[in-house]
Structures are given as C-alpha cells and as structure tokens.
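Have a look at the structure below, then the notes.
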Amino acid sequence: MIEAFRIETHGPGLYEFTPELVDWVAAKSVGTALLTLLVRHTSASLLIQENADPEVRDDLHAFFHRLVPPATDPSMGYLRHTYEGPDDMPAHIKAAMLPVSLGIPVVDGRMALGTWQGVYLFEHRNRPHRRQVVAHLAG
Amino acid sequence: MIEAFRIETHGPGLYEFTPELVDWVAAKSVGTALLTLLVRHTSASLLIQENADPEVRDDLHAFFHRLVPPATDPSMGYLRHTYEGPDDMPAHIKAAMLPVSLGIPVVDGRMALGTWQGVYLFEHRNRPHRRQVVAHLAG
Amino acid sequence: MIEAFRIETHGPGLYEFTPELVDWVAAKSVGTALLTLLVRHTSASLLIQENADPEVRDDLHAFFHRLVPPATDPSMGYLRHTYEGPDDMPAHIKAAMLPVSLGIPVVDGRMALGTWQGVYLFEHRNRPHRRQVVAHLAG
C-alpha cells in the first residue's frame with residue numbers, strides 16, 4: 001500500500017506528522033507489517049525524535065544551523081552551489097547528513113515507536129515549501 | 001515476524017548485538033528476506049560498523065563526543081533542553097545524526113553484511129539504560 | 001529478489017548508480033514494492049542527493065572532508081585507528097554519519113524518487129576500491 005503525505009513548511013525546523021501516519025496505518029488493518037517512509041527532496045529530511053519538550057526541536061535546529069551555517073558565513077566560503085541563496089547548499093548538506101528514509105515496524109496495527117518518539121519532516125530551506133513523503137506499507 | 005532485543009548499557013559507546021541477530025534470523029528459516037531494526041529511543045542510535053579493531057569504536061565515540069560536546073562546554077551554551085544533565089540534549093543531537101533504523105537484506109537465512117560489518121547499539125547517555133531494539137523480518 | 005551492484009571507485013566522492021537500479025527494478029516487473037539497499041563496507045556510504053548540478057557533489061565532499069579531516073590534521077591527533085593511512089579512521093567516521101542502508105518505495109515498477117533525486121555510493125577512501133551494494137526487492 002502506498003500513500004503520499006504532503007507537508008507545508010514555512011521556514012527551517014521540525015514539522016511533526018505522527019498523527020497522520022497513525023491514522024493511515026490504523027485504517028489499513030494490518031497486524032504485523034513494515035512501514036517505509038521516503039522524503040522526495042534533497043533539501044529536507046525525516047527524523048524520529050522526542051515528541052514531548054518543544055525545546056528539543058529548537059535545540060536540534062540550532063545545532064545543525066551552527067554545524068552547517070549559511071553560505072554567507074566566512075567558514076563556508078568554499079561552497080560553489082549557491083544559486084538559490086545562502087541556505088541552498090547547506091540544506092543539501094543537512095539532507096545528506098540526516099535520514100532520507102525510515103523503516104518502522106508495525107505491530108498490532110500500530111507503529112512500534114517508543115513512548116517519546118514522534119515522526120518529523122525536518123525542513124532545511126528558508127522559503128515556504130510543499131514537501132512530499134512517500135509511505136509504503138507491506139503486511 | 002517481530003522480536004524485541006534488549007541491551008543493557010553502562011555509559012556511552014558501542015554495544016554489539018550481531019550474534020543475537022544472527023541466531024534469531026537463523027532460527028526463522030527464511031531464505032531471502034528483509035530485516036528491519038528500529039531503536040525505540042531518542043538518545044541512542046543503531047550503527048553498522050567495523051567489528052575487528054576495538055579502537056574504531058573508541059575513535060567513533062571520541063569523534064562524536066567532540067563534535068557534540070556536553071552542554072557544560074562553552075560552545076554549547078545555547079542549548080535549552082538540559083533538565084537531565086549536560087549529556088541530555090547532546091544525546092538527542094547524536095540520535096538525530098546517526099541511524100534510528102536499519103534495513104538489512106537476508107540471503108540464504110543470513111544477514112548480507114560485509115566481512116567487517118557488525119551491528120551495534122550506540123549509547124549516548126552517561127547513566128545505565130535498558131535499551132530496546134525492535135526487529136521485523138519479512139520473508 | 002536479490003542483486004549485488006558493483007561500483008569501482010578511484011578516490012573519494014559520489015558515484016551515481018541510479019540508471020543501473022532503474023533498469024534492474026524495471027526488469028523485475030513489480031508494481032508496488034519496496035527496494036532496500038545496503039552497502040557492504042564500513043568506509044563508504046549510500047546517499048540520495050541532487051542529480052542535476054555536479055557542484056553539489058563537489059560541495060558535499062568538501063564539507064565532509066572539512067568536518068572529518070585526515071588523521072594528519074592537528075585537530076584529529078586523538079585518533080588511534082590509523083593503520084591504513086590518514087584517511088582510514090575518518091572514512092569510518094563518515095560511514096557512521098552517512099547512510100549505510102536506504103529504503104525506497106517502488107510504484108508502478110519505478111522507484112518513487114523525487115525529480116532531482118539520484119542514488120549514489122559515497123566513497124571515503126583515497127585508494128581505488130571495488131564496492132558492493134546489496135539490493136533487495138519485495139513486491
């Protein structure tokens with residue numbers, strides 16, 4: 001079974017879509033299964049991370065923004081692919097470093113996530129984007 | 001088929017559980033199959049890495065400890081999620097950067113790993129933890 | 001279904017093998033399916049990245065070469081596993097940080113990649129290598 005999830009982003013950061021996944025998987029009435037997610041972009045990522053304290057999301061964004069600063073930062077002067085602005089190539093680098101696909105076992109019709117785990121799209125670009133995540137579910 | 005592997009950790013570093021996986025997969029008598037692993041935590045990771053020289057494991061831990069130092073390090077002063085100690089938020093960052101799930105093809109009832117590849121849980125927290133990895137095997 | 005893709009490398013950087021994957025998947029006449037890739041080495045990675053501008057590939061290599069410099073760099077003096085040269089342990093670190101496995105949904109017999117996504121082997125060693133990627137396809 002295949003579905004495409006669409007996520008509208010407005011600037012860098014984490015966008016949770018766990019509830020949409022929970023509903024879709026539940027509706028398919030599978031018992032034990034495997035859910036696979038793929039983000040169809042090279043400047044956004046998928047992340048399974050803590051769903052309790054929103055400060056975790058802020059800190060994650062802050063860390064990766066410092067590790068891979070905009071091309072205008074003196075330390076990034078060697079970058080060449082900067083046609084779409086200073087956040088262009090750093091977004092590709094973050095998309096290389098963070099997951100593009102995730103495999104999530106399903107047990108009794110529910111994703112076998114830990115108590116504190118949520119599923120996020122991690123947007124790396126500044127401007128608004130419409131992102132697509134393909135979901136594959138095999139019973 | 002579903003199994004939960006439990007791994008007791010006592011401080012940061014790599015904990016191998018390849019033999020447990022080999023035994024479980026062999027007992028299932030599958031020919032060609034797909035094994036998917038998911039760690040059910042946001043402060044530990046899964047890693048496929050060199051299983052020969054233990055210095056590789058030490059160096060891996062040393063590198064990531066320098067790349068993402070404790071919150072007490074002056075360079076990490078911007079972190080806000082530090083309620084559980086200086087290793088709290090750095091553990092989330094490492095868990096974002098390193099794999100949370102792995103897909104491993106199985107051929108003739110054995111994981112198709114390379115000669116030097118072992119499967120590890122990478123613990124990022126200082127205190128002892130009981131970690132859980134969900135394994136899904138589909139023939 | 002299982003296949004092994006062989007990729008000859010001559011120095012660090014990204015080597016695309018999307019066309020070989022497209023042909024193999026197409027020949028299997030699956031409709032909806034899941035393709036899983038695993039690189040059988042601990043000093044090379046898999047990457048889904050932009051397939052248009054080759055400068056993206058150069059910039060990716062440049063960034064990770066700066067983030068994890070050779071063992072001869074003063075900042076890496078703590079590394080111990082350096083038997084095969086200054087690119088030995090940095091290659092393991094990059095292989096830990098970047099994907100070892102990828103899950104790619106297949107729809108209508110084609111990988112559900114985005115328009116700009118290609119599949120690459122990312123070689124981290126300086127000397128020529130023959131790399132192997134195992135592919136598993138389940139319909």
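The values are calculated or read from the model by the stated rules, or taken from the named source; none is laboratory data. Remember, it's a predicted structure, so these values are computed and weren't measured experimentally. Here Cβ is always computed from backbone atoms with ideal geometry, including for glycine, and neighbour counts include all displayed protein chains. Areas reflect the complete protein model, heavy atoms only, side chains present, ligands, DNA and RNA absent. Shrake-Rupley method; radii C 1.70, N 1.55, O 1.52, S 1.80 Å.
Brief remarks follow.
- When the Cα gyration tensor is reduced to axis lengths a ≥ b ≥ c, the ratio a/c is 1.5 or higher for chain A, and with a/b above b/c it is classed as prolate.
- Hits among aspartates and glutamates - C-alpha to C-alpha of residue C:94 under 13 Å, sequence gap 8 or more where chains match: B:50, B:59, C:123
- Across the identical copies, the 7 Å label point of residue A:11, projected outward along Cα→Cβ, sits 4.3, 4.3 nm from its counterparts, in ascending order.
- As a fraction of the 1.4 Å probe accessible area of the range C:2-138, surface on carbon and sulfur atoms comes out at 49 percent.
- Solvent-accessible area lost in complex, 30 Å² minimum, residues of the range C:31-46 relative to chain alone, 1.4 Å: C:32, C:34, C:36, C:38, C:40, C:42
- For C:40, A:6, B:130, C:125, the ranking by accessible surface with the largest value first comes to B:130, A:6, C:40, C:125, using a 1.4 Å probe.
- Inter-copy spacing of residue A:127 label points, which lie 7 Å from Cα along Cα→Cβ, given in nm from shortest upward: 4.7, 4.7
- The protein assembly as shown shape via C-alpha gyration tensor axes, a/c threshold 1.5: rounded
- Radius 13 Å from Cβ of residue A:87, net charge of other residues (Lys, Arg +1; Asp, Glu -1): -1
- Net charge of the neighbourhood of residue C:116, taken over other residues with C-beta under 11 Å away and scored Lys/Arg +1, Asp/Glu -1, is -1.
- Global geometry of the range C:46-106, whether rounded, prolate or oblate, following the gyration tensor of its Cα atoms and the 1.5 cut on a/c: oblate
- The heavy atoms of residue C:72 offer some 110 square angstrom of accessible surface to a 1.4 angstrom probe.
- Association of chains B and A removes close to 2500 square angstrom of accessible area from solvent, both sides included, for a probe radius of 1.4 Å.
- Minimum Cβ-to-axis distance in chain B for the rotation onto chain A, with residue, whole Å: B:103, 3
- Take residue A:72, move 7 Å from Cα toward the beta carbon, and the resulting point lies 3.7, 3.7 nm from the same point in each other copy, nearest first.
- Charge tally in the Cβ shell below 12 Å around residue A:126, where Lys, Arg are +1 and Asp, Glu are -1, residue A:126 excluded: -2
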